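Participant: Encoded as structure tokens, here's the structure I'll be asking about.
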Amino acid sequence: MRRELEQLLLSRFPALYRDTGECGQERPPIFGADLGDGWFAILQALSEVLAERVEQAQLENVRVLRIERLEGGMQAHVSGEDAFVRGAAAAASHMSFAVSMQSGKPGRLMTNDGGELRALASGELEGWKPVPKAAKRRHPAPVGADGTRALRLLEQRYEHLINDGIDLPSGWANLAEVVLAPFLVSTNEVELIAAWDSGSACQLIVSRKRKHLSPYQSGGIAFAVRMAALTDPQTGACGPVDAEGVPDWWRRIAGPGGPHPTPWGVYNGDGVWRPRKDIFSGPASCHPRPKPVIRAHHFESGAVQLTIHKGAANVMRGMARRHGKPGCAALLAELLRL
């Protein structure tokens, strides 16, 4: 992995990656020398989940000790972990078997004449061949297909766990499997795995029966939701990434300097939906004090509720009158091109 990408993780998540070695002793490197740039998005998503869990559960001793390649996949060694953290780390490892370590494009586990295992994408397979079935059984196997066929295979494999089916773009098929795999050994069921607006909003939804989820399952779901925001819903690619760690597919949408893709909501340690903080604060001409002017609450269903301060609301009403609209709703509908 490029040194600048390693530094991004160290600088963004200093509490997770800070030095835990004994005084006077040199600490082994956190990132294995044989990691590739293609897994950066997986590490970014995992680090976001761990950092949020540390803050939410007030865990003091969670540290990422080592990230290495193990039997073709990525393994994260974390100290001070709880079951939620273990579930997120296991989901990240599972995902790595479906992502090319080189490019971040959808990949499959391959082997060479020397017996080395590596997840590779099409166009990277020269000198590599599919792994034997016996080797596949030792590893978390991705669905092994692309496009709509991948979604059909998923529904067949997990039809006993899903009541209302899978409503996802084809590029998120492997994410759905990461979510579902921990449910195979439980009695919990999933109502629906879906995406807002076919994935264009970068939001994965996992609706469940209102049973208590295990922390391990919740950790896997939390990782998948973060990972979805970094994964192209059409192609399944989460790379290549630029110097800021932003995937190329998102950079083409957001443009240079555009915001890093993040979900509109996440699931906490109990598997309960929690929208991200979405506030525009003053000071503004209609509201000079540095307090919230507009709040947006994002619901799991995809709806959004706007709360507008009275000063900003008066401005909006004045705009509606000047534009000959009967009300603020009609003005907003025109601005949204509805």
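We did not get these values from a lab; they are worked out from the coordinates using the rules stated. These numbers come from a predicted model, not from an experiment. For neighbour counting, all protein chains shown are included, and Cβ atoms are generated from backbone atoms with ideal geometry for every residue, glycine included.
Participant: Return the loop-located trypsin sites (Lys or Arg not before Pro) in the stretch 4-97 (DSSP other than H, G, I, E, B) with at most 12 other Cβ atoms within 10 Å of their own Cβ; answer none if there are none.
Facilitator: Taking the stretch 4-97 and a limit of 12 other Cβ atoms within 10 Å, the loop trypsin sites (Lys or Arg not before Pro) found are ARG18.
Participant: Report the Stokes-Einstein translational diffusion coefficient (µm² s⁻¹, integer) for the chain, Rh taken as the Kirkwood radius over Cα pairs, at 37 °C with viscosity 0.692 mPa s.
Facilitator: Numbers: Rh = 21.6 Å.
Diffusion coefficient, whole number: 152 µm²/s.
Participant: Can you check what the net charge comes to around GLN44, using other residues whose Cβ is under 9 Å from the Cβ of GLN44 (Lys, Arg +1; Asp, Glu -1)?
Facilitator: Once all neighbours under 9 Å are counted, the net charge is +1.
Participant: What net charge is computed for the residues neighbouring PRO240, neighbours being all others with C-beta under 15 Å from the C-beta of PRO240, Lys and Arg scored +1, Asp and Glu -1? Write out the running numbers ahead of the final one.
Facilitator: On the way: positive: ARG2, LYS105, ARG251, ARG252; negative: GLU4, ASP37, GLU124, ASP232, ASP242, GLU244, ASP248.
Local net charge: -3.
Participant: Based on the Cβ-Cβ distance of SER11 and ALA51, what FRET efficiency does E = 1/(1 + (r/R0)^6) give at R0 = 22 Å, to the nearest 0.05?
Facilitator: The pair SER11/ALA51 has a calculated efficiency of 0.95.
Participant: If you take every residue apart from ASN112 with its C-beta less than 11 Å away from the C-beta of ASN112, what net charge results, scoring Lys and Arg +1 and Asp and Glu -1?
Facilitator: Around ASN112, the surrounding residues sum to -1.
Participant: Ignoring GluC sites (Glu not before Pro) that are buried or in helix or strand per DSSP, and keeping those with at most 14 other beta carbon atoms within 10 Å, what is the longest stretch of the chain between them?
Facilitator: Working: sites that count: GLU22, GLU26, GLU60, GLU71, GLU116, GLU126, GLU159, GLU189, GLU244.
Counting at most 14 other Cβ atoms within 10 Å as exposed, the longest clean stretch of the chain is 245-338.
Participant: Please work out how much length the chain gains when fully extended from THR235 to ASP167, using 0.36 nm per residue of separation minus the C-alpha to C-alpha distance, in nm with one decimal.
Facilitator: Full-extension gain reported as 22.9 nm.
Participant: Using helices alone, I'd like the mean residue ellipticity at 222 nm for the chain: each DSSP H run of four-plus residues gives -39500 (n - 2.57), total over residue count, nearest 500.
Facilitator: Taking each H run of at least 4 residues, the total per residue is -10000 deg cm²/dmol.
Participant: Same structure, new question: Under 1.5 on a/c is rounded, so check that first for the stretch 25-102, then, if it is not, pick prolate when a/b is larger than b/c and oblate when it is not; a ≥ b ≥ c are the square roots of the alpha carbon gyration tensor eigenvalues.
Facilitator: Oblate.
Participant: Calculate the FRET efficiency for LYS277 and MET319 from the Cβ-Cβ distance with a Förster distance of 25 Å, rounded to the nearest 0.05.
Facilitator: Working: r = 26 Å, r/R0 = 1.06.
Efficiency, rounded to the nearest 0.05: 0.40.
Participant: Below 8 Å between Cα atoms, with a sequence gap of 6+, how large is the relative contact order for the chain in percent?
Facilitator: For the chain, the relative contact order is 14 percent.
Participant: How far, in nm, would the chain grow between GLN58 and PHE299 when pulled straight, counting 0.36 nm per residue and subtracting the alpha carbon separation?
Facilitator: 84.2 nm
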